[in-house]
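Below: one structure, written as structure tokens.
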Amino acid sequence: MSCSITLKNISYSNKDNLLFKNINLSVGHEEKVAIIGSNGVGKSSLLKIIAGIEESFLGELYLFHHLIKDKKDYKKFRFEVGYLPQDISSFFLSPTVIEDVMFSLRTTGINKDEAYQKALEILEQLEILHLKDRIIYELSGGEQKIVALAGILITKPKILLLDEPTNALDEESEKRIIKILNSIKKSMIIISHHKSFIEQLTPTIYKLENKKLIDYK
């Protein structure tokens, strides 16, 4: 199986606090992987390393078998990786749903008319076309998460990195997120503390504990 993501001996410290040491992980093409663990163990930091946001780590990060040494190396794969942070309060850059989803695609160089049509398509695919003209910050938390996903998916990344995608959502919104993620054929790393949620997405679960990443049984 071709690997989308490979971590070799990744270590990371937050100030003087070593969060994890010598993490090794491989995620294959279209494979879904979940990582669980207590608050503060470094799950989000590990995801930020893979997303190219956190650079102060030791070890080797590979994307599609290419060693990523710095942001210049990562830039080549910027649109291959979609990252959804846990807190999306500052994620949106435009006031309305359609404008924000279009903006994500416009950054790739697509013209306005084509971006608009593709935005309509992704909103319809995710069953939120009826929200296209709504103000994002007037939406529910679940609707905002799906809009954020639309803004990521429209650029057709090969990898999705999702940090607590159902955090603070109601049961109905969680079901919608599960349906969407199960319909997507992409490599995925999902961080969650919600065991019943991730078990509906993947049997491959790791736990970050005692500074190590271990198989979760």
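The values are calculated or read from the model by the stated rules, or taken from the named source; none is laboratory data. No experiment lies behind these values; they were computed from the predicted model shown. Every residue, glycine among them, receives a Cβ derived from its backbone with ideal geometry; neighbour counts consider all protein chains shown.
Conditions tested, residue by residue: (1) part of a strand (DSSP E or B); (2) over 26 Å from Ile49 (Cβ atoms); (3) at pLDDT 95 or above; (4) charged (D, E, K, R).
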{"position": "Gln86", "(1), (2), (3), (4)": "no, no, no, no"}
{"position": "Phe91", "(1), (2), (3), (4)": "no, no, no, no"}
{"position": "Asp100", "(1), (2), (3), (4)": "no, yes, yes, yes"}
{"position": "Gly109", "(1), (2), (3), (4)": "no, yes, no, no"}
{"position": "Ala119", "(1), (2), (3), (4)": "no, yes, yes, no"}
{"position": "Leu123", "(1), (2), (3), (4)": "no, yes, yes, no"}
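Picking from Leu149, Leu208, which residue would you name as being under 18 Å from Leu46 (Cα atoms) and touching a residue at least 60 places away in the same chain (Cβ under 8 Å)? Break it down into steps so the answer makes sense when it comes.
Details: Leu149 fails: under 18 Å from Leu46 (Cα atoms).
Going through Leu149, Leu208 in turn, the sole match is Leu208.
Residue by residue through region 1-27, note down the ones that are surrounded by 15 or more Cβ atoms within 10 Å (Cβ to Cβ) and not hydroxyl-bearing (Ser, Thr, Tyr).
Cys3, Ile5, Leu7, Ile10, Leu19, Phe20, Lys21, Ile23, Leu25, Val27
So for region 70-79 (the condition being under 27 Å from Glu143 (Cβ atoms), modelled with pLDDT under 95, charged (D, E, K, R) and not in a strand (DSSP E or B)), does at least one residue qualify?
Filtering region 70-79 down to residues under 27 Å from Glu143 (Cβ atoms) leaves 78-79.
If we keep only those that are modelled with pLDDT under 95 too, we end up with 78-79.
In the following step, the residues that additionally are charged (D, E, K, R) were identified as 78.
Those left that are additionally not in a strand (DSSP E or B): 78.
Among the residues of region 70-79, at least one is under 27 Å from Glu143 (Cβ atoms), modelled with pLDDT under 95, charged (D, E, K, R) and not in a strand (DSSP E or B), which makes the answer yes.
Suppose we filter region 162-216 for residues that are touching a Ser or Thr at 6+ places or on another chain (Cβ under 8 Å), among the hydroxyl-bearing types (Ser, Thr, Tyr) and at pLDDT 95 or above; how many remain?
1
Just checking, does region 125-145 include any residue being closer than 26 Å to Asn39 by Cα, in contact (Cβ under 8 Å) with a residue 40 or more places away in the chain and in a helix (DSSP H, G or I)?
Residues of region 125-145 that are closer than 26 Å to Asn39 by Cα, as a first pass: 140-145.
Still in the list and also in contact (Cβ under 8 Å) with a residue 40 or more places away in the chain: 144-145.
Next, from what is left, pick out any that are in a helix (DSSP H, G or I): 144-145.
For region 125-145, residues closer than 26 Å to Asn39 by Cα, in contact (Cβ under 8 Å) with a residue 40 or more places away in the chain and in a helix (DSSP H, G or I): present.
Sort through Glu55, Glu60, Glu31 and tell me the only one that's charged (D, E, K, R) and closer than 25 Å to Leu201 by Cβ. Reasoning before the result, please.
Numbers: Glu55 fails: closer than 25 Å to Leu201 by Cβ; Glu60 fails: closer than 25 Å to Leu201 by Cβ.
Just a single option satisfies the conditions, and that option is Glu31.
Here is a check on your reading of the model: is Leu149 surrounded by 16 or more Cβ atoms within 10 Å (Cβ to Cβ) and closer than 19 Å to Tyr83 by Cα? Steps first, please.
Working: surrounded by 16 or more Cβ atoms within 10 Å (Cβ to Cβ): yes; closer than 19 Å to Tyr83 by Cα: yes.
Taking the combined requirement at face value, the residue satisfies it.
Conditions tested, residue by residue: (1) among the basic types (Lys, Arg); (2) without any contact (Cβ under 8 Å) to a residue 60 or more places away in the chain.
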position: Ile35; (1), (2): no, no
position: Val41; (1), (2): no, no
position: Ile53; (1), (2): no, yes
position: Phe64; (1), (2): no, no
position: Lys72; (1), (2): yes, yes
position: Phe103; (1), (2): no, yes
position: Thr107; (1), (2): no, yes
position: Ile110; (1), (2): no, yes
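Can you work out which of the residues in region 1-27 that are in a strand (DSSP E or B), closer than 11 Å to His65 by Cα and of a type in the set (Ser, Thr, Tyr) is nearest to the chain's Cα centre (by Cα)?
Looking at residues that are in a strand (DSSP E or B), closer than 11 Å to His65 by Cα and of a type in the set (Ser, Thr, Tyr), I get Ser4.
Could you tell me which of the residues Lys69, Lys48 is of a type outside the set (Ser, Thr, Tyr) and surrounded by fewer than 19 Cβ atoms within 10 Å (Cβ to Cβ)? Can you show your working first?
Numbers: Lys48 fails: surrounded by fewer than 19 Cβ atoms within 10 Å (Cβ to Cβ).
Answer to the selection: Lys69.
Can you name the residue in region 156-214 that is in a loop (DSSP other than H, G, I, E, B) and among the charged types (D, E, K, R) and, of all such residues, is surrounded by the fewest Cβ atoms within 10 Å (Cβ to Cβ)? Let's see the steps before the verdict.
Going through region 156-214, the residues in a loop (DSSP other than H, G, I, E, B) turn out to be 156-158, 164-170, 184-186, 192-194, 199-204, 210-211.
Next, from what is left, pick out any that are among the charged types (D, E, K, R): 156, 158, 164, 170, 185-186, 199, 211.
Values: Lys156: 14, Lys158: 16, Glu164: 21, Asp170: 11, Lys185: 9, Lys186: 17, Glu199: 11, Lys211: 15.
Ranking the qualifying residues of region 156-214, first place goes to Lys185.
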